[in-house]
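Engineer: To start, I am sharing the structure in question, which I have written as structure tokens.
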Amino acid sequence: GSGMVPDHGVFAAGWSLALAVAIARGSGTEADRAAASERAQVLHTALPRTGSPFLESYPGQFWPCDSVVAVGALADAASLLGLPWRADLAAWRSRALAAVDAGTGLLPHQVDQHGAALTGPRGSSQTIIQTFWPALDQLLGVEDDQWQRFTDRFVTEKIGLAGVLEYPTGVEGRGDGDSGPLILGGRLSASAVGLAGA
């Protein structure tokens, strides 16, 4: 392996599981369900029980949104396959919510290996978080204000179009490889993904 847990990092593992669950849900075949279950077991085992809730995305890099994709996919897998993981996922959720940014109440964009924020919340990661977080809430039967906090700080209407800002309202910042070009402070990719969250 890569020395990372899970192998190749949580970015690859989370999106692979999300895809496997979608395929299993669509096909209903035992082979697809077994493949999704196997991926889910690996990720569930890798979920940290102590310390930072966020798994390594790439060597030495921790992006909370990648862990949210993974946990959202785990929640979908648990729901589809009847896996008894509610307590573990609830515990992970509590630890993740303890790591939110004080100003916005949203998860940071990047953290260190201890889960301390290196970069505050950003539109590019929040749109993905807000797409996968609801699966976790649904499995656990809870509601929270994450979507409301996100829309209050990041969703804007300019020139008649709704869009997602890369930086929270009132915060200036530059575009980068994650955000793509910023147009009037909004970004095309976040706005497109934001539709999925909505």
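Engineer: I want to check the label-to-label distance for Trp15 and Thr45. Put each point 7 Å from Cα in the C-beta direction and report it in nm to one decimal.
Structural biologist: 2.4 nm
Engineer: Express the C-alpha Rg of the range 51-128 as a ratio against the empirical globular expectation 2.2 N^0.38 Å, rounded to two decimals. Write out the running numbers ahead of the final one.
Structural biologist: Details: Rg = 12.7 Å, N = 78, 2.2 N^0.38 = 11.5 Å.
Its radius of gyration relative to the 2.2 N^0.38 Å reference: 1.10.
Engineer: Can I ask one more? All other residues with a Cβ under 13 Å from the Cβ of Arg33 taken together, and with Lys, Arg as +1 and Asp, Glu as -1, what is their net charge?
Structural biologist: Details: positive: Arg25, Arg39; negative: Glu30, Asp32, Glu38, Asp76.
Local net charge: -2.
Engineer: If you don't mind, another one. Keeping all protein chains in the complex and leaving out DNA, RNA and ligands, what accessible area do you get for Arg49 with a 1.4 Å probe, in Å² to the nearest 10?
Structural biologist: Rounded to the nearest 10, that gives 130 Å².
Engineer: For Thr29 and Gln148, FRET efficiency with R0 = 35 Å and r from the beta-carbon atoms, rounded to 0.05? Before the final figure, lay out the partial values.
Structural biologist: Numbers: r = 39 Å, r/R0 = 1.11.
Rounded to the nearest 0.05, the efficiency is 0.35.
Engineer: What residues qualify as long-range amide H neighbours of Leu165, i.e. H under 5 Å apart, gap of 5 or more or another chain, H built at 1.01 Å from N?
Structural biologist: Those qualifying (amide H under 5 Å, at least 5 residues apart or on another chain) are Val155, Thr156.
The values are calculated or read from the model by the stated rules, or taken from the named source; none is laboratory data. Fair warning: this is a prediction, and the values are worked out from it, not measured in the lab. All Cβ positions, even for glycine, are placed from backbone atoms using ideal geometry, and neighbour counts span all protein chains on display. Only protein heavy atoms, including side chains, enter the accessible area calculation; ligands, DNA and RNA are left aside. Shrake-Rupley method; radii C 1.70, N 1.55, O 1.52, S 1.80 Å.
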